[in-house]
Protein chains: 2
Amino acid sequence: MTPFPYRHLLLAADFAPETEGVVARAAELRAHLRARLTLLHVVEYLPMSYSGDLVLPEDFDLEQELVEVAKRQMAALGERLDVPPGDRRIETGSTGRTILRVAEEIGADLIVLGSHGRHGLAALLGSTARSVLNGAKCDVLAVRLGVE
Amino acid sequence: MTPFPYRHLLLAADFAPETEGVVARAAELRAHLRARLTLLHVVEYLPMSYSGDLVLPEDFDLEQELVEVAKRQMAALGERLDVPPGDRRIETGSTGRTILRVAEEIGADLIVLGSHGRHGLAALLGSTARSVLNGAKCDVLAVRLGVE
């Protein structure tokens with residue numbers, strides 16, 4: 001038998017229902033390749049121009065709130081996929097750069113992420129996929145999302 | 001056991017020694033996922049501005065010569081990977097668009113190709129990978145090449 005091509009997968013997860021296909025692919029690959037799976041969710045820094053328009057209570061830390069929400073979603077995803085807590089990561093920063101940084105830190109040999117079309121959220125996902133593709137030192141699996 | 005995530009892989013092969021890692025990845029994945037593997041090599045149309053500067057014998061059809069060379073290389077690769085002749089394809093045209101067209105024709109669910117850095121041949125491979133990523137209706141595996 002040929003050697004297993006990948007030993008450590010990094011799944012960039014955003015918890016959106018429309019990216020469930022990406023999660024399913026990563027889980028299937030992990031099972032068939034008997035690989036380790038690390039889950040990563042990136043909380044993007046809010047652009048200042050946008051966050052300045054929000055009316056927020058004083059002492060309300062939006063980024064921290066987003067991280068708290070992400071922690072709950074990550075816990076649920078990790079339980080569902082049977083990924084141990086040590087392999088569930090939440091980071092803040094630029095999505096593309098953070099995926100690349102974590103991939104190197106953990107020695108991932110395959111980054112799994114969603115790739116998409118040209119409109120709205122789709123375009124954003126596509127641009128993250130391209131930036132990861134350009135910068136990655138390991139292989140990248142771009143999973144096509146079902147919605148256009 | 002989870003279902004096999006991919007049933008039909010399309011490998012974009014260019015026969016260059018430095019892309020041997022891409023071939024190896026596709027072969028490993030095929031074995032572990034028990035998938036069908038189709039090999040595709042694209043002979044790019046030569047840009048007219050370039051071919052006009054070549055001094056060629058009359059009646060010499062450069063594109064046809066390139067296709068003949070590709071046929072021999074494809075036969076060798078197909079034998080080595082045990083891919084039946086019906087799953088070995090040589091096409092002429094734009095690399096990115098041809099990969100996308102053949103992927104749809106054969107119903108591939110994963111396109112496997114090389115992805116690379118920013119210099120010379122590397123940049124060219126990278127731009128093909130990006131154009132395939134943008135246009136593909138199926139998943140795309142970009143295999144990082146060892147050389148920069």
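Here are the numbers for this structure:
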item: Chain pair B, A: total accessible area buried, heavy atoms, 1.4 Å probe, Å²; result: 2700 Å²
item: Surrounding net charge for B:Ala136, when Lys and Arg each add one and Asp and Glu each subtract one, Cβ distance under 12 Å; result: +2
item: Computed accessible area, B:Leu81, all protein chains, 1.4 angstrom probe, square angstrom; result: 20 Å²
item: Region B:1-41 - Debye-derived log10 I(q)/I(0), Cα point model, q = 0.15, 0.22 Å⁻¹; result: -0.36, -0.68
item: Residues of region A:11-38 buried by at least 50 Å² on assembly (accessible area, 1.4 Å probe, chain alone as reference); result: A:Arg25, A:Glu28, A:His32
item: Accessible surface of A:Asp87 - all protein chains present, 1.4 Å probe, nearest 10 Å²; result: 20 Å²
item: J(HN,Hα) series, region B:8-21, from Karplus relation 6.51 cos²θ - 1.76 cosθ + 1.60, nearest Hz, glycine and proline x; result: 9, 8, 10, 9, 7, 10, 10, 6, 6, x, 6, 9, 4, x
item: With all protein chains modelled, accessible area of A:Val22 [1.4 Å, Å²]; result: 0 Å²
item: Distant-in-sequence amide H partners of B:Thr92 (H built 1.01 Å from N, under 5 Å); result: B:Val43
item: Label 7 Å beyond Cα on the Cβ vector: B:Arg72 copy-to-copy distances, nm; result: 6.7
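The values are calculated or read from the model by the stated rules, or taken from the named source; none is laboratory data. Note that this is a predicted model, so its numbers are computed, not measured. Ideal geometry is used to build each Cβ from the backbone, glycine not excepted, and the neighbour counts take in all protein chains shown. The accessibility values were calculated without ligands, DNA or RNA, using every heavy atom of the protein model including side chains. Shrake-Rupley method; radii C 1.70, N 1.55, O 1.52, S 1.80 Å.
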